[in-house]
């Protein structure tokens, strides 16, 4: 039965209201505060009102005022109905407090005649909720970004209930297959590892909180993948309920370990310098050899431990498992197994060690089981102290070969790993800091591009891009950069991840391959032009000489006819000589150029051209203007000198007769290239009708000017031989501009 209180006992109700944590405010119809409870002071810090005054509508957050007005109007229209509203109100300290309230229109209730409102401070609970959402989103992005498979499974029966996206990337099987197919994980364990893994995987899980295994699985494409399986046992009511773990791909590490053990020279060096202990055991477990570092790890000298049995030093709780493992190894020659166990120290306590045992009894050069171990006591203690699985994820995340930078929708950094920090410090010369804007770390010329790609990822796209950075030693470091969106549990994009891998070695090989291909193409073009000259330009004068010779031998000719024939023979011979000279030029251009590379200064080339063309320049009042942002380049001086000479002499040869001739020569660096620009105000070329012939052999466009049509062909051939490109823009009677580009990394 409830407590009965006489209606006139006002003090009772007043005590309840004034000791409540909720604010109670009574408003007159015009918005005047008739009453407010002491909780107002506790929550907002304002002193209690001593006389009626207007409500603090001006303190409502500007973004919430419209909502509050709507709710008040709704209350006016619905007398007696509680209207719920959530809004922010400025407190005395200037911070905004989040209030959840109820407004009740009791204007028609006798004795009340007012709006009765009550409010609860939900600022702290709302912050906790938002922090939890953010934490979950961050956890999800990390899980799906690390270079390993995060998994979860029920114990009885053993069945995967969660697999991260990396499972399909590493092994090739769809995630749905892991979750739906019975015994999927078991079926894909390597046959040589399956039995001992299944025998030990679920053993002792009621007493052990964490376990680690290393074993092999078969990928969809048949490839063998080594994993380190880090397992956490989750219990409920002191009983194991399910497992949670991470499969880390250690294939490369296992291959390296195997190669090291088989390489005797490296093995000997490893024994001398390694901080890990190396021991050799016979099939009975007797010590055959121990490296000196064992004294540092377990306290015994080599002499003290020699001729003893390894099993006498194993912790009693680990002994049975070690004996089983030893028996398994003896039955499987050549196999390697990694285990952790406790080993008796010379001082009487046990230390944790991790070792890899390889059965090489069948190898006549070894005839022993090789054990490589090191102390992990501190690591084991640290693992036991870890309360959250996120710490494990972070460790793997930082040891990935891929750098990751996670950003929110505003491109502020949420998280990053060590490879990303290394990239930022070495290539951007800045240290990454959480909550700072990621775009600010890049150079000004890259910022617009990076911002664009990040926004495209935020729109749902996955983008791949290659970037390069110049190192202190003038070499280039290449990165393969990926931008992809990050989704929260509601499958909404809340951020973007930049993933980057150092691909310098691969890129260098690609560039060298492209360069070789370009050289082969250029050689083929030269061969084609050589064939053209032989079949067309060389054949014509030879045919003329043969024909004239036959005419002169066929009969008697008058003196005038003989003289005419001799003149024609001389013209044909001269033409033949010109063609042979052209062939010589083309063949010389295509010789190997690498051995003749030197630093060529552009201004010196201009001086050489001015000396060679001094008569034409002085006679025709030619003005040559230069501006070299880049002063020179590493190249073949003879070729570049010929290019400068041909282009400038062409501008003089094809000048407009009635205006002063101005020739501009400039150099600049743009987008990783050196650009050379040659511009004049000469006759120009009609590119609409003759654009495809500009760089052709024996192509001429102004018949009133002497020439053979070799100049621009030779310029293009020499530019391409040096690994560059040339292009032209021109208008008739306005002038011509040639643009030559060379890659910086090759010059």
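Quote to one decimal, in nm, the extra length available between residue 109 and residue 455 on full extension: 0.36 nm per residue of separation minus the C-alpha distance between them.
Values: separation 346, 0.36 × 346 = 124.56 nm, distance 5.68 nm.
Roughly 118.9 nm would be gained on extension.
Only residues of the range 312-348 count here: report those whose backbone N is under 15 Å from the spot 7 Å along Cα→Cβ of residue 301, or say none. Only 346 pass the distance filter.
Derived from the Cα gyration tensor, the three semi-axes of the equivalent ellipsoid of the range 10-121 are 20, 19, 12 Å, largest first.
Just how many % of Cα pairs in the range 467-508 lie over 13 Å apart, if you round to the nearest whole percent?
63
The modelled label-to-label distance between residue 58 and residue 78, using points 7 Å beyond Cα along the C-beta direction, is 3.1 nm.
Extending 7 Å from Cα along the Cβ direction at residue 399 and again at residue 558 yields two label points whose distance is 10.5 nm. Restricting the calculation to Cα atoms, the range 147-249 yields a radius of gyration followed by a Dmax of 13.1, 43 Å.
How many nm is it between the label spots at residue 737 and residue 677, if each spot is 7 Å from the Cα in line with the beta carbon? Output for this residue pair reads 0.5 nm. May I ask you to derive the FRET efficiency for residue 727 and residue 511 from their Cβ-Cβ distance with R0 = 30 Å, giving the value to the nearest 0.05? For residue 727 and residue 511, the calculated efficiency is 0.85.
For the range 400-502, the fraction of C-alpha pairs farther apart than 24 angstrom is 17 percent.
How much of the calculated P(r) for the range 627-668 lies past 15 Å, in percent of all Cα pairs? In whole percent, the share of Cα-Cα pairs in the range 627-668 beyond 15 Å is 55. Computed extension length for residue 128-residue 473: 119.1 nm, one decimal, from 0.36 nm per residue of separation with the Cα-Cα distance subtracted.
Any chance you could run the full-extension gain for residue 255 through residue 362? It's 0.36 nm times the residue separation minus the Cα-Cα distance, nm to one decimal.
Residue separation times 0.36 nm, minus the Cα-Cα distance, leaves 36.5 nm.
The Cα atoms of the range 253-385 cover 40, 32, 31 Å along the three principal axes, with the biggest extent listed first. When you count the other C-beta atoms within 10 angstrom of each residue and take the mean per peptide, 49-55, 360-366 line up highest first as 360-366, 49-55.
Highest average first, the peptides 620-629, 712-721, 671-680 ordered by how many other beta carbon atoms sit within 10 Å of their residues are 712-721, 671-680, 620-629. A protection proxy built from the mean count of other Cβ atoms within 10 Å ranks the segments 294-301, 649-656, most packed first, as 649-656, 294-301.
In terms of Cα atoms, the Rg and Dmax of the range 20-72 work out to 11.6, 30 Å.
Any read-out appearing in this document is the output of simple, stated calculations on the displayed coordinates, not a laboratory observation. Keep in mind that what you see is a predicted model, and the values were worked out from it rather than measured. Note that we place each Cβ from the backbone using ideal geometry, even for glycine, and neighbour counts take in every protein chain shown.
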